[in-house]
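Heads up: the structure comes next, in structure tokens.
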């Protein structure tokens, strides 16, 4: 009886989530007004995101997940790196968890209608498995996207260091080189650096402090190291041209090694389908002979 009640609750939640997804309610007037006055980017370079269907669907469960301590500090850093809000992340968790409860329950209900009911532990175990998978899936997606963004950030940082080195060699000051080099580049990493430098200028703080905070937020240790090197140059007048050149070379070497490793990994993964096809072909060829040998015994 308890299993039937749990399965019925899962079906009800799944159908409610599906109806909420297909026919989302209109956004409140306050949200529409706030969109008219929304700032394109915040002080730390993160873009203000509008609420999507997934976020609205999981909104009723967002306070519950927040009360459980989600997301963790590492996931928060990954969310900053990919430019996603915590509400969207928690909404996806709740929506995918509810969606995972539906397929096994629906299959069990259909089989029961046609007169072939499954034992209740089977759909319950399937529903719980898919729900747990849906709950963990956003973590894996955010982690993978954050690693790609950090890799792109390191590549952009290597070019940024080269530009700073060239400007310093031309006689520019440290702060001027930082600002001019950031204006040259394009893409999200350079936008984040420009935003951090603009924030430092408006708040009258040192640019290397803002760059260090940006490195801590997005999880790029090389940017924090650059901020520490620039702190020595700004506070003690240390010469940093050779240090910046060495850091840029180290970043290029690391990017090349990571690219080679990804290429080797992709090559190894390409061999797996061929091995499976060969195994299937061998099984297909020898299966009739094995059947005859087994029948003769």
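The values are calculated or read from the model by the stated rules, or taken from the named source; none is laboratory data. What you see is a predicted model; the values in this text were computed from it and never measured. Neighbour counts are summed over all protein chains in view; Cβ atoms, including those assigned to glycine, are modelled from backbone coordinates with ideal geometry.
Tabulated data
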{"read-out": "Residue check for residue 197: more than 21 Å from residue 165 (Cα to Cα), in a helix (DSSP H, G or I) and either in contact with a helix residue (DSSP H, G or I) (Cβ under 6 Å, 6 or more places away or on another chain) or not assigned by TED's automatic domain parsing to the domain that holds residue 78 (or both)", "value": "no"}
{"read-out": "Boolean, residue 251 is at pLDDT below 85, assigned to a helix (DSSP H, G or I), under 28 Å from the mean Cα position of the chain (by Cα) and surrounded by 16 or more Cβ atoms within 10 Å (Cβ to Cβ)", "value": "yes"}
{"read-out": "Every residue from the stretch 159-178 that is within 33 Å of the chain's Cα centre (by Cα) and buried (at least 19 other Cβ atoms within 10 Å of the Cβ)", "value": "160, 161, 163, 164, 165, 177, 178"}
{"read-out": "Some residue of the stretch 70-92 being in a helix (DSSP H, G or I), modelled with pLDDT of 70 or more, over 17 Å from the mean Cα position of the chain (by Cα) and more than 30 Å from residue 210 (Cβ to Cβ)", "value": "no"}
{"read-out": "Test: residue in the stretch 254-273 that is exposed (fewer than 10 other Cβ atoms within 10 Å of the Cβ) and outside any helix (DSSP H, G or I)", "value": "no"}
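Results for (1) under 30 Å from residue 104 (Cβ atoms); (2) outside any helix (DSSP H, G or I); (3) touching a helix residue (DSSP H, G or I) at 6+ places or on another chain (Cβ under 8 Å), shown as yes or no for each residue.
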{"residue": "128", "(1), (2), (3)": "yes, no, no"}
{"residue": "132", "(1), (2), (3)": "yes, no, yes"}
{"residue": "136", "(1), (2), (3)": "yes, no, no"}
{"residue": "148", "(1), (2), (3)": "no, no, no"}
{"residue": "158", "(1), (2), (3)": "no, no, yes"}
{"residue": "162", "(1), (2), (3)": "no, no, yes"}
